[in-house]
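The values are calculated or read from the model by the stated rules, or taken from the named source; none is laboratory data. Note that this is a predicted model, so its numbers are computed, not measured. Cβ atoms come from the backbone with ideal geometry, glycine included; neighbour counts cover every protein chain shown.
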Amino acid sequence: MRRLAPLLLILALLTQVYAQPAIPRHVNPEQLKPITPDPAILTAVYESLSRAFLAENFSGVAYLASTLLNLSAPSDLKFILDRFHSLIQEEGALLNYSKAGLEAARQLALQGRALEALAHLENVTLHLAKANITYLSLADAARAIRGRVGAETGGLLQSLLKLIGTYARRLNETGMLLGANLTDTQLTLSITPTTAWVGSRVLAYGYLRTWQGDPLPHRRVVLVLEGREVAEATTDEQGYYSLALQAPYIYVERVHLLAMYLPSGDDFYKYKPATSPNATLYLLFVTPNITLSIHPDVVLPGDTIELRVSLDAPVPVVDAYAFGEHFQLQVLNGSAALTLSVPADALEGRYVVVVSSPANGTIAPASARGTVTVRKLSLNISQLQVPMLLSPLTTTAAVCVSSEGEPTPYLVEVSIPSAGVQASKTSSSACTQVEITPGALTPTGPLEGTIAVQPLDPRYKPAYARFQVYNLNLILVALAMALVLSTLSAYLRVRARGGRPQAKEEEEKPAVTPLVVPETSPPRAEAEAAPPEPVESGDPVVREYFRAVKLVESATGVRMKPSHTISEYLSETWSRLGKAGEVFREISRLAEDRLYGDIPVDANKLRYLVSALEKILKEQQP
């Protein structure tokens, strides 16, 4: 079972994609999967089944076959897939019973318990006969799978045939080990007519006799169709039997039958069981041609589309699946129509519409499909003006919006995480103004922000833009100037007294540390070699992130530019960090949560990650 783990994972994903009662509304329409199962994945699963059969791993066979039965597809294709997969499941069960019976019979024979061993061999003979007829049906179904889906099944069929032959040899060897003196029997089977419509009646007949030609009257004969017992008959005085069978409602080219004689009572110790040669019944049925037209096939959310369906067979209803919903359409004079609305929340992309007709007597299931492309109108930020910020004063940003269609109301959202700015305003005019008030502790220097224009009409796409703005914190500048002036004043007073003060006064008077006044000139337009680190505002997340950036710059040689976002700098350095890349990714994510999403971040956790990053980078040094 461990060897099947990779295929089981693939199969689980395949089932999640296809095992849906209706076409889902896709989160990402660009990754829309076709409704027909992937032939490459099916071929890989069939190869895994082949190896499981050869290894006699019947529990693995049962699991894979039962999972395959959960796949969905158009109704006509699903019938073919389900038939093939259910036959695999039955074949696995029959061969599993045969293996267990052979092992039990051999052990009993070695113990001298001949009668009990014979009972097991009778059951093995029955199971192998059924496995043989099921194999023939599998071969027919495999041709349909290869023609309709493109999946290859040759290796699986070869493995089954090899395993059936192996068990047949073991059966003969165990029978010889018993040395039972049983009389050989002969059984025949014929069908008339050999071609019939599904649901009609055919006559099955034959005779049962010994190999010496003596008839065996009043014996029970069982008929097996597609691996299942479907009927039984009793031989007459001359050993002949006959019975009427209904051609099954299986919409395939042909099915296989065989007859079996299993001794019972006194015959159990006198005659050998017998199976007839296979008989083939060719089936007739009508497969409808379905035509589906969709108008229009390029739409906006909320638009109306019309489906028109035509059939060339008398089908009363058809099923339609569109945008995650199921509709049942009545068919009148070979046609049906449906008008439906595109969901207002539908994303842009291509959507599949499926129409299928169910089986109805001699009419086989069929399906057709088409596509609808959902698009949205464009919304663009045509002008964006954000003047220099003077924290903590309020500044007005101007935004102008243009649209592909008629003007539409929209919501403007401005975000500057490092300044604690989250501002929004609803407008319906071409231009609007949004007031921005940075926090009192916002550092002086360049800040990065984002602006989003969210249309209130679902037919339009939102628009986004990034911007950089320079902030001057008036409070911090005033404090710095006050400290500088007080230091200068003290210095001038000392100079005015004619020299430096006594040493004792110097010891008692606290030293004043000069403070560098932050540069207040606007940033240069071009990117510098290294980004200026924001003035620390007491936020430990900012300090720890820039400590990590300095470590990465030293290790990779890639400097962080003022134009870099956190994610852009991570992307540019990721390939050079090796094992440290995962740690720096987590540090970047926490920094984004704090700076862009204003989400509380555990500073101790970030400090630990930066220390771990420093340790890994040192270990990676040559």
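Points to keep in mind about this one:
- Of the residues P277, P314, the single one that is at pLDDT 90 or above and loosely packed, with under 15 Cβ neighbours inside 10 Å is P277.
- Of all residue pairs spaced 6 or more apart or on separate chains, those with beta-carbon atoms under 9 Å, a first member in segment 266-281 that is under 13 Å from K130 (Cα atoms) and a second member that is in a strand (DSSP E or B) and aromatic (F, W, Y) are A274/Y261; T275/Y261; S276/Y261.
- Just one of the numbered conditions (1) modelled with pLDDT under 85; (2) crowded, with 19+ Cβ neighbours inside 10 Å; (3) of a type outside the set (D, E, K, R) is not true of V61: (1).
- Matching option when the condition is over 30 Å from T362 (Cα atoms) and under 33 Å from the mean Cα position of the chain (by Cα), among G147, G92: G92
- Unmet criterion (only one of (1) assigned to a strand (DSSP E or B); (2) touching a Phe, Trp or Tyr at 6+ places or on another chain (Cβ under 6 Å)) for P343: (1)
Residue by residue, here is whether (1) of a type in the set (A, V, I, L, M, F, W, C); (2) closer than 19 Å to K78 by Cβ holds:
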site	(1), (2)
P301	no, no
A320	yes, yes
F323	yes, no
A346	yes, no
G349	no, no
N360	no, yes
L379	yes, no
L390	yes, no
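- Residue check: G199 meets all listed conditions (1) small (G, A, S); (2) out of contact with any strand residue (DSSP E or B) (no Cβ under 9 Å at 6 or more places or on another chain); (3) in contact (Cβ under 8 Å) with a residue 24 or more places away in the chain but one, namely (2).
- Residues within segment 343-353 that are surrounded by 15 or more Cβ atoms within 10 Å (Cβ to Cβ) and touching a Gly at 6+ places or on another chain (Cβ under 6 Å), tallied: 1
Per-residue answers, yes or no, for (1) more than 44 Å from the chain's Cα centre (by Cα); (2) hydroxyl-bearing (S, T, Y); (3) surrounded by 13 or more Cβ atoms within 10 Å (Cβ to Cβ):
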residue	(1), (2), (3)
S428	no, yes, no
P443	yes, no, yes
P455	no, no, yes
K461	no, no, yes
F467	no, no, yes
L483	yes, no, yes
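- Residue check for G370: over 30 Å from N473 (Cα atoms) and either at pLDDT 90 or above or of a type in the set (A, V, I, L, M) (or both): yes
- Residue in segment 382-399 that is in a strand (DSSP E or B), under 30 Å from P343 (Cα atoms) and of a type in the set (A, V, I, L, M, F, W, C) present: no
- Positions within segment 34-54 being in a loop (DSSP other than H, G, I, E, B) and either in contact (Cβ under 8 Å) with a residue 40 or more places away in the chain or among the aromatic types (F, W, Y) (or both), in sequence order: P34, I35, T36, P37
- Check on D345, over 25 Å from the mean Cα position of the chain (by Cα) and either assigned by TED's automatic domain parsing to the domain that holds P455 or closer than 29 Å to L456 by Cβ (or both): no
- Of the strands (runs of 3 or more DSSP E) lying entirely inside segment 264-324, those containing at least 1 residues that are farther than 19 Å from S341 by Cβ and within 36 Å of the chain's Cα centre (by Cα) span 290-295, 304-311, 317-322.
- Those residues of segment 108-124 which are of a type in the set (S, T, N, Q) and modelled with pLDDT under 80, in sequence order: Q111
- Strands (runs of 3 or more DSSP E) lying entirely in segment 210-262 (those with 2 or more residues that are aliphatic (A, V, I, L, M), more than 17 Å from T183 (Cβ to Cβ) and under 46 Å from the mean Cα position of the chain (by Cα)): 220-225, 228-234, 254-261
- Residue pairs meeting the criteria (Cβ under 6 Å; at least 6 apart or on separate chains; first farther than 30 Å from L81 by Cβ, in segment 238-263; second at pLDDT 90 or above and of a type in the set (G, A, S)): Y241/A233; L243/A204; L243/A231; L243/A233
- Selection within segment 153-207 - under 45 Å from the mean Cα position of the chain (by Cα), hydrophobic (A, V, I, L, M, F, W, C), crowded, with 18+ Cβ neighbours inside 10 Å and more than 18 Å from L128 (Cα to Cα): A196, V198
- Residue match in segment 462-480 (condition: touching a Phe, Trp or Tyr at 6+ places or on another chain (Cβ under 8 Å) and closer than 27 Å to S402 by Cβ): no
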